[in-house]
Amino acid sequence: MKEDDIGKEINAKFGHQLRVRVNGILIQDDKVLMLRHLMGGGKEFWSVPGGGMQYGSNAEDNLKREFEEETGLEIKTNRFLFVHEFFREPLHAIEMFFEVSYISGKINLGTDPELDHDKQILTDIRWMSISEIHSLSPESVHQIFWGIKSLQDLGLCKGYFNFGNNYLK
């Protein structure tokens, strides 16, 4: 897909609606599993695996499905951590974050079934340390990673956050 069309596709599929998303934080060897998304306008966005909830399916089942689709991994959903509200016109989402653990599978960059094969926005998957995450520009990484000193700090977050909604300016 041409770079100019990515933003249009994101807007058409996900824009101007409130979405409920589930996200899984998988940490191994002091690194967290991260995915890079193309966002249009030459922007990228690094975040943990996750995605929109399907009607009639609970959060745990949705998160397991999203992990399988995006990473090829089977995971176990552990404890609920926090809620984050994302708002950056035209996108608006309530995101639930869970601690997850690895069960089986080999890491493989997957796809988003909500997007056509030739319009995929997932471009990379990798384990990243907190120093690697901090080396990225703040606008290209999910705000849950801003200001934390270690990946273990994510497990200390409790409650509701919106972090000023300064995404991808």
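The values are calculated or read from the model by the stated rules, or taken from the named source; none is laboratory data. All figures in this text were calculated on a predicted structure; none of them were measured in a lab. No Cβ is skipped: glycine too gets one built from the backbone with ideal geometry, and neighbour counts run over all protein chains shown. All accessible areas refer to the heavy atoms of the entire protein, side chains included, with ligands and DNA or RNA removed. Shrake-Rupley method; radii C 1.70, N 1.55, O 1.52, S 1.80 Å.
Please enumerate the residues belonging to the range 61-79 that are within 24 Å of Gln152 (Cβ to Cβ) and either out of contact with any Asp or Glu (no Cβ under 8 Å at 6 or more places or on another chain) or buried (at least 16 other Cβ atoms within 10 Å of the Cβ) (or both). Result: Leu63, Lys64, Glu66, Phe67, Glu70, Thr71, Leu73, Ile75, Lys76, Thr77. Is the range 85-100 home to any residue that is in contact (Cβ under 8 Å) with a residue 24 or more places away in the chain, surrounded by 15 or more Cβ atoms within 10 Å (Cβ to Cβ), among the basic types (Lys, Arg) and farther than 16 Å from Asn23 by Cα? No, the range 85-100 has no match at all. Considering the range 44-60, the residues that are touching a residue at least 40 places away in the same chain (Cβ under 8 Å) and not in a loop (DSSP other than H, G, I, E, B) include one that is surrounded by the fewest Cβ atoms within 10 Å (Cβ to Cβ), namely Gly52.
So which of Leu109, Leu63, Leu81 is closer than 18 Å to Arg21 by Cα, touching a residue at least 12 places away in the same chain (Cβ under 8 Å) and not in a strand (DSSP E or B)?
Working: Leu109 fails: closer than 18 Å to Arg21 by Cα; Leu81 fails: not in a strand (DSSP E or B).
Of Leu109, Leu63, Leu81, the one residue that is closer than 18 Å to Arg21 by Cα, touching a residue at least 12 places away in the same chain (Cβ under 8 Å) and not in a strand (DSSP E or B) is Leu63.
Could you identify the single residue in Arg21, Arg36 that is surrounded by 19 or more Cβ atoms within 10 Å (Cβ to Cβ), in contact with a Gly (Cβ under 8 Å, 6 or more places away or on another chain) and among the basic types (Lys, Arg)?
From the options Arg21, Arg36, the qualifying one is Arg21.
Of the numbered criteria (1) loosely packed, with under 12 Cβ neighbours inside 10 Å; (2) without any contact (Cβ under 8 Å) to a residue 12 or more places away in the chain, the one Ile103 fails is (2).
If I filter the range 135-143 for residues that are open to solvent by 80 Å² or more (accessible area, probe 1.4 Å), without any contact (Cβ under 8 Å) to a residue 40 or more places away in the chain, more than 23 Å from Glu66 (Cβ to Cβ) and polar (S, T, N, Q), do I get at least one hit? Yes, the range 135-143 has at least one match.
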